[in-house]
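**Q** Submitted below is the structure of interest, expressed as structure tokens.
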Amino acid sequence: MTDSNQAGGVLDRLAKFAADLVAIAHTRLALLSTDIEEEREHLLSLVRWTLISLFFMMLGLLLVAVLLIVLLWENYRLSAIAGLAGFFLAAGAISWYAAKHKAKAKPRLFWSSLMELEKDRQHRDRS
């Protein structure tokens, strides 16, 4: 082999290596972008459930206050107000539980990106 063939072979290998690095970086950045988008969606959902929960809890507290005011009034209004207050407080508690469960059940940030990088490391170590 001549020096020009060896130099050309080395340059071709370096070019292929650089192209592979760019492809890997592109894949990882795309994965990172997807992870960030999933995290944003999770956060928006969590905020939504928290706002729903707060709305129902405040409405329930308002009805409890009305119930206490009407407590000394006539007998028939109490059961309707107590029922509504119980319903809204239960709806608020269920919404709060859903928000708490959603916050705890979320996957680790950048989990899929980390797993792909681990696979790359293992593949590199085997080579």
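**Q** Using the Cα centre of the chain as the reference point, and only Cβ charges (+1 on K/R, -1 on D/E), how large is the resulting charge dipole? Debye, rounded to the nearest 20. Intermediate results must be reported in sequence, preceding the final value.
**A** On the way: 15 positive and 13 negative charges, 80 e Å.
Roughly 380 debye, rounded to the nearest 20.
**Q** Got a number for carbon plus sulfur as a percent of the chain's accessible area, 1.4 Å probe? Write out the running numbers ahead of the final one.
**A** Values: 7070 of 10000 Å².
Answer for the chain: carbon and sulfur cover 71 percent of the accessible area.
**Q** For the chain, what is the mean residue ellipticity at 222 nm derived from helices alone (per DSSP H run of n ≥ 4: -39500 (n - 2.57); sum divided by total residues; nearest 500 deg cm²/dmol)?
**A** Details: 3 runs with 113 residues, N = 127.
Roughly -32500 deg cm²/dmol at 222 nm, from the helical runs in the chain.
**Q** Also, I was wondering about something else. Against the 2.2 N^0.38 Å scaling, with N counting residues, where does the chain land? I'd like the Cα-based Rg ratio to two decimal places.
**A** On the way: Rg = 30.0 Å, N = 127, 2.2 N^0.38 = 13.9 Å.
Output field value: 2.16.
**Q** While we're here: Tell me the label-point distance for the pair ALA30, LEU62, using the 7 Å Cα-to-Cβ offset, in nm and rounded to one decimal.
**A** 5.0 nm
**Q** Still on this structure: Per residue, how many Å² of accessible area does the chain show with a 1.4 Å probe? Could the numbers behind the result be given before it?
**A** On the way: 10000 Å² over 127 residues.
With the other protein chains kept in place, the chain gives 79 Å² per residue.
**Q** In addition: Determine the gain in length on full extension of the stretch ALA105-SER79; use 0.36 nm per residue of separation and subtract their C-alpha separation, reporting nm with one decimal.
**A** On the way: separation 26, 0.36 × 26 = 9.36 nm, distance 3.82 nm.
Contour length minus Cα-Cα distance gives 5.5 nm.
**Q** Further question: So if we plug the beta-carbon distance of LEU117 and ARG48 into 1/(1 + (r/R0)^6) with R0 = 35 Å, what FRET efficiency do we get, rounded to 0.05?
**A** Numbers: r = 32 Å, r/R0 = 0.91.
Efficiency computed from Cβ-Cβ geometry: 0.65.
**Q** In Å, what Kirkwood hydrodynamic radius results for the stretch 39-99 from the alpha-carbon pair distances? Please list the in-between numbers first.
**A** Numbers: mean 1/r = 0.0805 Å⁻¹.
For the stretch 39-99, inverting the mean 1/r across all distinct Cα pairs yields 12.4 Å.
The values are calculated or read from the model by the stated rules, or taken from the named source; none is laboratory data. The model shown is predicted, which means the values in this text are computed figures rather than measured ones. Positions of Cβ are backbone-derived with ideal geometry, glycine not excepted, and every protein chain shown enters the neighbour counts. Each accessible area value is taken on the protein alone, full model and side chains, heavy atoms only, with ligands, DNA and RNA left out. Shrake-Rupley method; radii C 1.70, N 1.55, O 1.52, S 1.80 Å.
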